[in-house]
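Some notes on the structure that comes next.
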Amino acid sequence: MSATAQTITPNLGKPSLELINDVQQFLYREARLQDAQAYRDWLDMLTEDIHYWMPAREQRYRANPMEPDITHAAYYNDNYANLETRVSRTETGTCWSEDPATRSAHVVTNIEVELSDNPDEYRVYSLVAVYRNMNEDEEHTLYGHREDILRCVDGELKLAKRKITIDQNIFLSKSLNVYL
Amino acid sequence: MDMRTRNPFPADYHDYINTDEGWVDRRIFWEEEIYQQELEKIFARSWQFIAHDSQIPNPGDFVTTYMGEDGVIGSRDKNGQVRVFLNSCPHRGNKVCFADSGNAKRFTCNYHGWAFGNDGSLLGIHNEHIYEGYINKADWGLREARVSNYKGLIFANFDSEAPDLETWLGDYRWYLDMLLDNEEGGIEFLPGTIKSYVNANWKFGVENFIGDSLHAMWNHDSGAKAMMGGQSFPPAEQEGSYHGSANGHGWEFATDSVADIAILGQPEVIEYYESIRPKMRERLGEMRAKIFGSLASAAMFPNISFLPGLGTFRVWLPRGPRKMELRVWTIVNKNMPDHIKQMVNKGTMLTFSPGGTLEMDDGENWEGNTQTNKGTLTRQGKLHYGCGSTSRIDHPEIPGIVHQGQYNDANQLAFYQRWADLMNADDWDDVPQRNEPRFAGKPTR
């Protein structure tokens, strides 16, 4: 599988305010690029070994839960090439459903930063709310609970792994044309 | 003035379609009255998909789904037999199961604690002594459907008068074997379901898969280019390509073996199918070995669809005349190596899920197809379904109603004809047989 970004061991040390600030700025910039649909610039914010994963939900009884698994159904279970494939669709000039363009607002909040045993990798939790408005009057709001690994590469933060957990059991819309 | 006074609803549902002139009345995609009739005449009487054996392999395993708007539980009982029953307590009507899937010995209603076994029988009631003398528990189980299985696909039907599953499928079994039986071991469903709502009439999903290859080249050009390194779909080729249908189930296809699988963007999956192609030829014959994997799409009446080779399998569950729930799974050959199965899994999610490079364009169309009919004048119009109206042929090898050329409206019209046949019929003797089955009483492999 493409999940090459390994899980990391948490380190109980306290992240510096400077690091927290850098992480926040990274996530806000990412949100702005998404809203601007500057997808190539967004791809530049990812490591080449990114695993970008949004598993399908299944409503189960507490007595027999089903843990998300990368071999199960997923909205996204992507490596870098897969994400680039998705982006390339919007650049073909024949992507009819994106013309007129979708309007979106990514709001990022609840950011937590954890150090790990690797001084260059941090676990970052955040909550993203995406408001989407498209066509004449269609509205859709999505919430994604994100668990990221950010990696410092040559002094620059990059997204190395993201798991997005959505709250909707049935996805309440015809398309998922925004990244969370 | 009332719309119905000016433009009355025909009593004969065949008046909503015209197979000779090639048109369909838009009202079948909008009107509540017609939808209610669909629930009664089609969904309450048709064999419908519940699950695949691989999704509920063990005693106690269950899934919940819908037949029409009736919620049902499909459960494997302690003897290994699959039972399907209404997900509604016969006491006050609440659901007895709120999970999508799982394993349970019993389903207990939250309201008063009526508990049902995974065979649907009423096992017990909370504080049952109060009921002594007032209930015969054997009479108050969950209403059960007939259940039948074709090569791993589990179907259910609440109509005791309906023909058996083999008759219902008819010569479509010849086609279905390409999906379910192209290799020893058959197929399996990979775990997990993607469920989504589309604000469209359920029939638009079915008719798209049953025969609409034409839209792919235009509508999915961006998806094709993304998945195939900048290439568009090959030009429309009517030679060596067909529409085939039986009993309203259809399959449109070319005979070049590889095109659909190529859309997955996973070359090793093509290599896998090529490696089993010689055995497939022995198993299914030359013609079906050439069809499987070609540019193709298929649907079964009333609401199942799949792309053979590419590996997406789905149902379109009606949620009113203007909304449906789409449930999507990935199917693979059971004997595939695990890493190939995962390539198919990744490929189907990348193409045919709500975020898929192809699927994202479909939902937009079907919502537009449906919602424009809000307009009174718009709804009075007809839709053109006349492409290929004179292309019917007899083919020595391909059974059912066959048309030359996969860019065609033939399967769509065959689907709507079956739709009208069932909408009209009060009993099964009134349902016409539109093609003489070649394989009645005979195996198709």
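Points worth noting:
- Residue tally, condition closer than 22 Å to A:LEU19 by Cβ and in a strand (DSSP E or B), over the range A:108-147: 20
- Residue pairs whose Cβ atoms lie under 6 Å apart, sitting 6 or more positions apart in sequence or on different chains, and linking a residue in the range A:53-70 that is among the acidic types (Asp, Glu) to a partner that is at pLDDT below 95, are A:GLU58/A:MET66.
- Screening B:LYS151 on (1) in contact with a helix residue (DSSP H, G or I) (Cβ under 6 Å, 6 or more places away or on another chain); (2) closer than 20 Å to B:LYS195 by Cβ shows it passes everything except condition (2).
- Residues in the range B:208-223 that are open to solvent by 20 Å² or more (accessible area, probe 1.4 Å) and either assigned to a helix (DSSP H, G or I) or within 13 Å of chain A (Cβ to nearest Cβ) (or both) were compared, and the one that is nearest to B:PRO318 (Cα to Cα) is B:HIS215.
- Restricted to the range B:355-445, the set of helices (runs of 4 or more DSSP H) holding at least 2 residues that are open to solvent by less than 20 Å² (accessible area, probe 1.4 Å) comprises B:359-371, B:410-424.
- All positions within the range B:157-195 that are surrounded by 21 or more Cβ atoms within 10 Å (Cβ to Cβ) and over 29 Å from B:ALA254 (Cβ atoms): B:ASN157, B:PHE158, B:GLY192, B:THR193, B:LYS195
- Any hit, the range B:43-66, residues being without any contact (Cβ under 8 Å) to a residue 24 or more places away in the chain, under 21 Å from B:ARG418 (Cβ atoms) and not assigned by TED's automatic domain parsing to the domain that holds B:LEU142: no
- Every residue from the range A:77-93 that is within 18 Å of the chain's Cα centre (by Cα) and more than 7 Å from chain B (Cβ to nearest Cβ): A:ASP78, A:ASN79, A:TYR80, A:ALA81, A:LEU83, A:GLU84, A:VAL87
- The set of residues in the range B:249-295 being closer than 24 Å to B:ALA51 by Cβ and small (Gly, Ala, Ser) consists of B:GLY250 alone.
- The range B:345-354, subset part of a loop (DSSP other than H, G, I, E, B) and within 9 Å of chain A (Cβ to nearest Cβ), residue surrounded by the most Cβ atoms within 10 Å (Cβ to Cβ): B:SER353
- Selection of the range B:94-114 for residues being touching a Cys at 6+ places or on another chain (Cβ under 7 Å) and either open to solvent by less than 20 Å² (accessible area, probe 1.4 Å) or within 12 Å of another protein chain (Cβ to nearest Cβ) (or both) yields B:VAL96, B:PHE107, B:CYS109, B:TRP114.
- Wholly within the range B:234-302, helices (runs of 4 or more DSSP H) carrying at least 1 residues that are touching an Asp or Glu at 6+ places or on another chain (Cβ under 6 Å): B:267-284, B:286-291
- Test: residue in the range B:128-139 that is free of Cβ contacts under 8 Å to residues at least 60 places away in the same chain and touching an Asp or Glu at 6+ places or on another chain (Cβ under 8 Å): no
- Checking each residue in the range A:125-152 for being under 17 Å from A:ARG29 (Cα atoms) and of a type in the set (Val, Ile, Thr) picks out A:VAL128, A:VAL130, A:ILE149.
- Filter pass, B:GLU21 being without any contact (Cβ under 8 Å) to a residue 40 or more places away in the chain and over 24 Å from B:PHE116 (Cα atoms): no
- Selection count where residues are within 12 Å of another protein chain (Cβ to nearest Cβ), closer than 16 Å to B:ILE263 by Cα and outside any strand (DSSP E or B), scope the range B:303-325: 1
- Only one of the numbered conditions (1) of a type outside the set (Ser, Thr, Tyr); (2) away from chain A (no Cβ under 14 Å); (3) touching a residue at least 60 places away in the same chain (Cβ under 8 Å); (4) not in a helix (DSSP H, G or I) is not met by B:ILE73, and that is (2).
- Number of positions in the range B:141-150 that are assigned to a loop (DSSP other than H, G, I, E, B) and surrounded by fewer than 16 Cβ atoms within 10 Å (Cβ to Cβ): 1
- A count restricted to the range B:366-392 and to residues that are away from every other protein chain (no Cβ under 14 Å), over 26 Å from the mean Cα position of the chain (by Cα) and in contact (Cβ under 8 Å) with a residue 40 or more places away in the chain stands at 5.
- Scope the range B:326-344; condition more than 7 Å from chain A (Cβ to nearest Cβ) and in a helix (DSSP H, G or I); matching residues: B:ASP338, B:HIS339, B:ILE340, B:LYS341, B:MET343, B:VAL344
- Residues of the range B:181-204 that are under 18 Å from B:MET349 (Cβ atoms) and more than 10 Å from every other protein chain (Cβ to nearest Cβ): B:ILE187, B:GLU188.
- Exactly one residue out of A:TYR52, A:TYR80 is open to solvent by 10 Å² or more (accessible area, probe 1.4 Å) and touching a strand residue (DSSP E or B) at 6+ places or on another chain (Cβ under 7 Å): that is A:TYR80.
The values are calculated or read from the model by the stated rules, or taken from the named source; none is laboratory data. From a predicted model like this one, the values you see are computed outputs, not experimental measurements. Cβ: placed from backbone, ideal geometry, glycine included. Neighbour counts: every protein chain shown. Quick note on the areas: whole protein, heavy atoms, side chains included, nothing else; ligands and nucleic acids left out. Shrake-Rupley method; radii C 1.70, N 1.55, O 1.52, S 1.80 Å.
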